[in-house]
1. Collect residues whose amide H, placed 1.01 Å from N in the peptide plane, falls under 5 Å from the amide H of Phe3; neighbours closer than 5 in sequence don't count.
2. Would you kindly state how much longer the chain becomes between Ala60 and Glu86 on full extension, computed as 0.36 nm times their sequence separation minus their alpha carbon distance, in nm to one decimal?
3. Val145 to Thr192: extension gain in nm, 0.36 nm per residue of separation minus the Cα-Cα distance?
4. If you plug each phi of the stretch 48-58 into the Karplus form 6.51 cos²θ - 1.76 cosθ + 1.60 with θ = phi - 60°, what whole-Hz ³J(HN,Hα) values come out, in order, with x for Gly and Pro?
5. Please report, in whole Å, how far the alpha carbons of the stretch 2-230 spread along each principal axis, starting with the longest.
6. Can you compute 3J(HN,Hα) from phi for each residue in the stretch 196-210, using the Karplus curve 6.51 cos²θ - 1.76 cosθ + 1.60 with θ = phi - 60°, rounded to whole Hz and x for Gly and Pro?
7. Over the chain, what is the relative contact order in whole percent, taking alpha-carbon pairs under 8 Å and six or more residues apart?
8. Highest mean first, what order results for 105-111, 148-154 on Cβ atoms within 10 Å?
Amino acid sequence: MPFAGKLKIIDFALSNCVNSDVRRIGVLTQYKAQSLIRHVERGWGFLATSLGEFVDVIPAQQQRGDLWYSGTANAVWQNLGIVQKERPNYLLILGGDHVYKMDYSVMLEEHAARGAQLSVACIEVPREQASDLGVMSVDAAGRIVAFSEKPAQPTPIPDRPTHALASMGIYVFNTDFLVEQLSKDAHDPRSTHDFGRDIIPGVIGLHPVYAHRYARSCVNMVGDEPYWRDVGTIDA
């Protein structure tokens with residue numbers, strides 16, 4: 001999707017990565033991807049490959065089975081070979097259709113300090129807008145105790161009943177833990193192979209899963225509120 005002339009919406013995520021010193025990046029593509037491939041190759045080819053930095057465009061290749069991506073989790077599952085080749089301790093998973101400015105290094109440091117297996121970036125949104133997002137409840141330590149994808153009646157924040165705590169679609173996983181969960185999900189015939197609908201609800205209460213408050217890593221506050229918009233629909 002074009003943005004501000006020659007830029008694209010994905011430039012927000014890529015710029016956040018580079019400015020957060022996250023410089024081993026894979027962009028998963030699928031539908032009518034040629035303009036995106038051209039943009040990434042021409043606009044983001046300045047990283048130092050001699051230092052192991054890269055932005056790789058990864059077309060859907062049907063590496064596991066004969067189907068295209070069936071969900072967000074399946075997209076990562078089908079490309080695990082590329083991830084494992086790099087042998088990262090942590091994997092940061094991002095959407096490509098969000099407008100925001102964030103320092104991912106803050107979230108990564110918090111994830112490691114907490115001993116989390118999974119961290120989910122979250123933001124407080126008005127309840128009437130939360131039905132389009134994943135909504136969570138957390139305990140006093142920030143551990144996620146409940147998670148619901150696009151609920152009809154979002155659970156309010158106890159000390160701010162007009163708002164709900166919503167997922168931003170930004171996740172940090174310990175890589176070994178992610179591989180284990182994706183393998184389980186891939187062999188579950190009931191799953192839709194989606195992070196929000198399947199992976200995250202399936203690990204709540206069983207593993208250390210924490211919410212990262214976007215206000216801690218947000219670079220562009222608007223008044224007292226951190227700015228973030230999901231622009232994945234025509235209306236948005």
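1. Under 5 Å from the amide H of Phe3: Lys8, Ile9.
2. So the extension gain works out to 7.5 nm.
3. Net length gain for the segment: 14.7 nm.
4. 8, 4, 5, 9, x, 8, 6, 10, 9, 8, 10
5. So the extents along the principal axes, rounded to whole Å, are 48, 44, 34.
6. Per residue, the Karplus-derived 3J(HN,Hα) values read x, 8, 10, 5, 5, x, x, 10, 4, x, 10, 9, x, 10, 10 Hz.
7. Values: 373 pairs, mean separation 56.0, N = 236.
Computed value for the chain: 24 percent relative contact order.
8. Values: 105-111: 17.9, 148-154: 15.1.
Result, highest mean first: 105-111, 148-154.
Here, each number is a calculation from the coordinates, and none is a lab measurement. Computed from a predicted structure; not experimentally measured. Cβ sites come from the backbone with ideal geometry, for glycine too, and all protein chains shown count toward neighbours.
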